[in-house]
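S.K.: Please find one structure pasted underneath; my questions will follow.
The values are calculated or read from the model by the stated rules, or taken from the named source; none is laboratory data. All values derive from a computational prediction rather than experimental measurement. FYI the Cβ positions are ideal-geometry reconstructions off the backbone, even for glycines, and counts take in every protein chain you see.
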C-alpha cells in the first residue's frame, strides 16, 4: 500500500537532493546585485499528543535532515500553529486526546500546506480527508522519508 498518492505539477519545479535523500525547498538569495539559489531543509510542524511518540518522530525527522519547526501536543496549540505558524509541511495525529484533528487539517488545506495523518488507524474515518496521505504507526524511517519527500514535492506544485 502506498503511503503517498502522487500529484501532478503543471509547472516545472526545481528540487534538490540533500544528503542523497531529502527534497528541500529552494530559496532565492539576493546579495550585492547577484542572485543565487540555495536549498533550505523543509520545516515540519509535528502534531502528536503522546509525548514519547512526538519525541521519537521529532528525532527521526531531524535525522533525515529536515527541520522540526514546532512540536505541539494539544488541539488548541495545533490550531494556533496551523493558522499562524511558519512551516512548510505538517504531520498530524488523527486524535488529540478525545478530539479529532480534522479542523486543523481543514485550516492546512485552506492555507495550501501539505499534510499527512500519522495514526494507528488504517484509514481516515472522516470522509472529507479520506484522500490525505497516511503514515501508519508503527512506521520505519524509510516510510517516513518517503512521506516527507512526497509532502515537500506536493508543496512545490
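S.K.: Test each condition in (1) surrounded by fewer than 20 Cβ atoms within 10 Å (Cβ to Cβ); (2) within 17 Å of residue 73 (Cβ to Cβ) for residue 141 and report the one that comes out false.
M.R.: All conditions pass for residue 141, except number (2).
S.K.: Among (1) at pLDDT 95 or above; (2) in contact with a helix residue (DSSP H, G or I) (Cβ under 9 Å, 6 or more places away or on another chain); (3) more than 13 Å from residue 60 (Cβ to Cβ), there is one condition residue 91 misses while meeting the rest; what is its number?
M.R.: Against the list (1) at pLDDT 95 or above; (2) in contact with a helix residue (DSSP H, G or I) (Cβ under 9 Å, 6 or more places away or on another chain); (3) more than 13 Å from residue 60 (Cβ to Cβ), residue 91 comes up short only on (3).
S.K.: Please pick out the residue among 43, 109, 83 that is surrounded by fewer than 18 Cβ atoms within 10 Å (Cβ to Cβ) and touching a strand residue (DSSP E or B) at 6+ places or on another chain (Cβ under 7 Å). Don't jump to the end; show me each part of the working.
M.R.: Working: 109 fails: touching a strand residue (DSSP E or B) at 6+ places or on another chain (Cβ under 7 Å); 83 fails: touching a strand residue (DSSP E or B) at 6+ places or on another chain (Cβ under 7 Å).
After ruling out the rest, the residue left standing is 43.
S.K.: May I ask you to say which residue of 148, 144 is within 17 Å of residue 62 (Cα to Cα), touching a helix residue (DSSP H, G or I) at 6+ places or on another chain (Cβ under 6 Å) and part of a helix (DSSP H, G or I)?
M.R.: Working: 148 fails: touching a helix residue (DSSP H, G or I) at 6+ places or on another chain (Cβ under 6 Å).
On inspection, the qualifying residue turns out to be 144.
S.K.: Say whether the condition of being in contact with a strand residue (DSSP E or B) (Cβ under 8 Å, 6 or more places away or on another chain), modelled with pLDDT of 95 or more and in a strand (DSSP E or B) is met by at least one residue in the range 14-25.
M.R.: Within the range 14-25, the first condition is being in contact with a strand residue (DSSP E or B) (Cβ under 8 Å, 6 or more places away or on another chain), and the residues that meet it are 14-18, 23-25.
Within this subset, residues satisfying the condition of being modelled with pLDDT of 95 or more are none.
Looking for residues that are in contact with a strand residue (DSSP E or B) (Cβ under 8 Å, 6 or more places away or on another chain), modelled with pLDDT of 95 or more and in a strand (DSSP E or B), one finds none in the range 14-25, hence no.
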